[in-house]
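Where a number appears in this text, it was derived from the coordinates with a stated rule and is not lab data. Predicted model, so just to flag it, every value in this text is computed and none were measured. So basically every Cβ, Gly included, is an ideal-geometry build from the backbone, and we count neighbours across all protein chains shown.
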Amino acid sequence: MIINSEANLGRVISRAISEGRLDTVGRIIRLIHGKAGGATLLGVSPITDYVIDGSLMEADDLKAPMAFIASLNQVDYDGGYTGYTPQSFVSVIKDKVKRMSIDSLIIISLDHCGPWLKDKHVELNLSLNEAMDECRKSLEQAIKAGYDLMHIDATIDAEASHPPEPETVAERTINLIEYAEDLRKSEGLGPLGYEVGSDRWGYRDAEHVVKLVSLILSGLKRRNLSIDVTFAVGDVGTSVKPGNRLNVNRAIELVNALSKHGILLKVHSADYIENPQDFPSIGVGGANVGPMFADLIYRRIKELALIESSLKPRESSGIINALLNELSREPSVLKYVSSIEELKSLIGDSREFLLGLMTRYVWSRDAVRHALSILKSNLRSINVDVDKELISIVMNSVKHLMLNFNLQGSLLMLKQPATWFTF
């Protein structure tokens with residue numbers, strides 16, 4: 001966990017952690033979740049520095065905790081599409097927290113670590129053993145970098161024509177957790193939190209999710225692995241698209257079933273969610289948001305590019321063309337369209353929506369960075385601060401979610417010693 005020990009809240013919380021009174025990330029998450037009216041931890045995909053900065057600033061404003069949930073595609077030992085390795089990512093967050101005087105608690109989480117859940121695993125046609133070895137390598141880097149919570153997701157099987165059965169998913173999940181725990185202990189590091197399951201699994205009913213969790217817990221016990229499974233993920237009807245809604249009845253069923261094991265429900269794909277106020281009220285423990293931010297940033301960039309065009313600058317940024325050119329060379333876009341030709345043929349709102357989501361893959365590319373620097377220079381002449389504009393877009397969205405998730409002021413609970421032993 002990243003805390004500014006020089007700030008007001010940070011001093012109190014960091015002291016409690018160092019003294020072992022707030023000893024695990026799971027305990028802290030459950031304490032926050034126990035706020036009156038419930039509270040749902042917001043997890044944000046760190047797809048650009050604008051998303052990182054805006055999220056940190058809003059967490060500071062609201063005195064709320066937050067989590068950065070970094071997938072293997074985004075942040076990994078090879079740099080991912082953000083260009084960050086786990087080590088450099090954690091270092092950058094620490095630097096930003098200190099430099100920006102952020103008085104919050106930042107949880108760093110690995111998202112969807114499992115075989116074939118990194119695009120390169122599929123592109124390279126890795127076998128199960130090869131993909132599992134890659135996951136172990138990614139886990140090692142994340143643990144050594146200081147991540148707090150590991151999402152182990154073994155629900156995909158690229159070698160089979162049907163979804164893996166709960167027994168198979170449980171076995172692979174436990175194998176990766178055991179590796180992580182052996183490494184953690186050998187490095188002399190403190191306890192980790194874990195998240196299991198997925199909304200991407202072919203079996204989407206609550207019965208299969210509960211069976212999977214039971215198999216994982218019993219398997220961990222047989223191997224004498226005493227760990228904290230903080231979150232479990234299941235399909236609750238959410239998907240990354242406008243009009244997205246949580247299926248409240250399905251979520252309540254999972255919340256109740258998981259609570260019997262002391263596990264919180266984590267909702268994935270909460271982008272564009274229309275009923276965020278329902279999350280804390282029914283007991284959802286966490287919710288992840290990511291691709292939506294790329295879309296929001298892209299749409300604002302388009303508006304800024306039009307303003308730039310009206311200025312008739314000596315050198316135009318060509319920012320939209322730079323994005324399109326880089327996307328045309330990005331294999332990951334084929335998760336959304338069958339071919340680059342199909343991407344180019346799209347028109348209207350469907351084209352803009354998909355382009356917005358896909359831009360997350362290329363914001364760190366040199367050509368895009370160069371175009372963005374020209375755009376910023378051109379608009380500076382009319383006192384438009386592009387960085388501030390894009391950070392503001394993120395802050396507004398994060399604020400909306402945090403307020404509806406009842407996170408505002410929740411860190412103040414951690415200043416009260418009486419709450420530390422409630423859960």
Under the helix-only model (-39500 (n - 2.57) for each DSSP H run of 4 or more, divided by the residues of the chain), the mean residue ellipticity at 222 nm, to 500 deg cm²/dmol, is -15500 deg cm²/dmol
If every Lys and Arg gets +1 and every Asp and Glu gets -1 at its Cβ, then about the Cα centre region 272-335 yields a dipole, in debye to the nearest 20, of 240 debye
If the chain between N256 and S239 were fully extended at 0.36 nm per residue, the gain over the current Cα-Cα distance would be 3.9 nm
Rounded to the nearest 10, the angle in degrees between the Cα long axis of helix 386-404 and the longest principal axis of the Cα atoms of the chain comes to 30 degrees
Between [x] 138; [y] 277; [z] 167, the structure-derived volume of the Cα convex hull per residue in Å³ is [x]
Quick numbers on region 294-393, Rg and Dmax over C-alpha atoms in Å, give 13.7, 42
Note, A322: beta-carbon cut-off 12 Å, +1 each Lys/Arg, -1 each Asp/Glu, net +1
For region 6-148, one quarter of the surface area of the C-alpha convex hull, expressed in nm², comes to 9.3 nm²
The size of the Cβ-based charge dipole (Lys, Arg +1; Asp, Glu -1) of the chain about the Cα centre, to the nearest 20 debye, is 1040 debye
Relative contact order of region 188-333 (C-alpha contacts under 8 Å, at least 6 apart) in percent is 19 percent
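What relative contact order, as a whole-number percentage, does region 294-393 give when Cα pairs under 8 Å and 6 or more residues apart are counted?
Working: 82 pairs, mean separation 43.3, N = 100.
Rounded, it is 43 percent for region 294-393.
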Here region 275-326 gives, from Cα atoms, an Rg and Dmax in Å of 18.0, 56
With the dipole of the chain defined by +1 on each Lys or Arg Cβ and -1 on each Asp or Glu Cβ, the option from G10, A145, W201 whose Cα lies farthest towards the positive pole is G10
In terms of the charge dipole of region 294-393, which places +1 on Lys and Arg and -1 on Asp and Glu at the beta carbon, the residue among N383, Y361, L306 farthest towards the positive end is N383
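What Kirkwood Rh does region 74-155 have if only Cα atoms enter the pairwise 1/r average? Answer in Å.
Values: mean 1/r = 0.0742 Å⁻¹.
Kirkwood radius, region 74-155: 13.5 Å.
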For the chain, longest principal axis from Cα atoms; helix 49-62 axis from its Cα atoms; angle between them, nearest 10 degrees, is 60 degrees
For 242-255, 306-319, ranked highest to lowest by mean beta-carbon neighbours within 10 Å, the order is 242-255, 306-319
